[in-house]
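To start, the structure itself, in structure tokens.
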Amino acid sequence: MVKKVLTGAFFGLMTLAVSSQVFAQADVIQKRQELMKSNGAAAKAIKAAVEAKDFATVETKAKDISGNAEKIVSAFPKDSTTGKTKAKPEIWEKQDTFAKNAKNLGKAANELATAAKAGNDADVGVKVKALGEACNTCHKEFRAEKYSE
């Protein structure tokens, strides 16, 4: 009887430990997806603001992306490779390149914010293109088309 109780308790604790790890990983993935969706929303707002020549919004949203760029690498810890995610394994295999891409994104966003603050329409156009290229460079190498499960 005691053996059955101890066995049941052991399996209960193991189930709890495994399920807490699964939930923790899902939380990490959800947070990084929110971070990336925030970047997507900011990029969309930048596009609309450029068309409206609303350089104050361009500057603000570019700064938002720059701040997010600083968080990107930490949003992909080594233990977050499975679950509903579009992150390719290359993120963890080529961490130096991934980190460099995040840094380039931040730099491009800062340069766009500076151009927008100056109100230089031509320079803003060039910097918006550079920001898009920084996003696309990383997505091509490190983001899958479909979610993994």
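With each label point set 7 Å from Cα along the Cα-Cβ vector, what nm distance links E34 and T137?
Calculated label separation equals 2.9 nm.
Would you please give the residues with an amide H less than 5 Å from that of R143, counting only those at least 5 places away or on a separate chain, with H modeled from the backbone geometry?
The list, which skips near neighbours in sequence, is K88.
Is the C-alpha gyration tensor of segment 38-122 telling us rounded, prolate or oblate? Criteria: a/c under 1.5 is rounded; beyond that, a/b larger than b/c is prolate, otherwise oblate. Each step should come with its number before you reach the end.
Details: a/c = 3.36, a/b = 2.24, b/c = 1.50.
Prolate shape, in that a/c is at least 1.5 and a/b is the bigger ratio.
Considering amide H positions built from the backbone, and no H for Pro or chain starts, which residues 5 or more places from T85, or on another chain, come under 5 Å of its amide H?
HN-HN under 5 Å from T85: S148.
Going down the table (K100/K140; K44/K94; K53/K86; K86/K117; K94/K117; K47/K94), which pairs top 25 Å between alpha carbons? Walk me through the numbers before you get to the answer.
On the way: K100/K140 14 Å; K44/K94 29 Å; K53/K86 34 Å; K86/K117 34 Å; K94/K117 35 Å; K47/K94 31 Å.
From the list (K100/K140; K44/K94; K53/K86; K86/K117; K94/K117; K47/K94), the Cα-Cα distance tops 25 Å for K44/K94; K53/K86; K86/K117; K94/K117; K47/K94.
As an exercise, use a Förster radius of 30 Å and the Cβ-Cβ distance of N120 and Q95 to find the FRET efficiency, rounded to the nearest 0.05.
Numbers: r = 36 Å, r/R0 = 1.19.
The computed FRET efficiency comes out at 0.25.
What is the gain in length, in nm to one decimal, between T60 and S148 on full extension, counting 0.36 nm per residue of separation less the C-alpha to C-alpha distance?
Extra length available between T60 and S148 comes to 28.3 nm.
So the label point goes 7 Å from the Cα of K84 along Cα→C-beta, right? Which residues of segment 111-149 then have their backbone N under 18 Å from it?
What the label zone holds, given the 18 Å backbone N cut-off, is 144-149.
Just so you know, all these numbers are worked out from the coordinates, no wet-lab data involved. On a predicted model such as this, the values are computed, not experimentally measured, just so you know. Cβ sites come from the backbone with ideal geometry, for glycine too, and all protein chains shown count toward neighbours.
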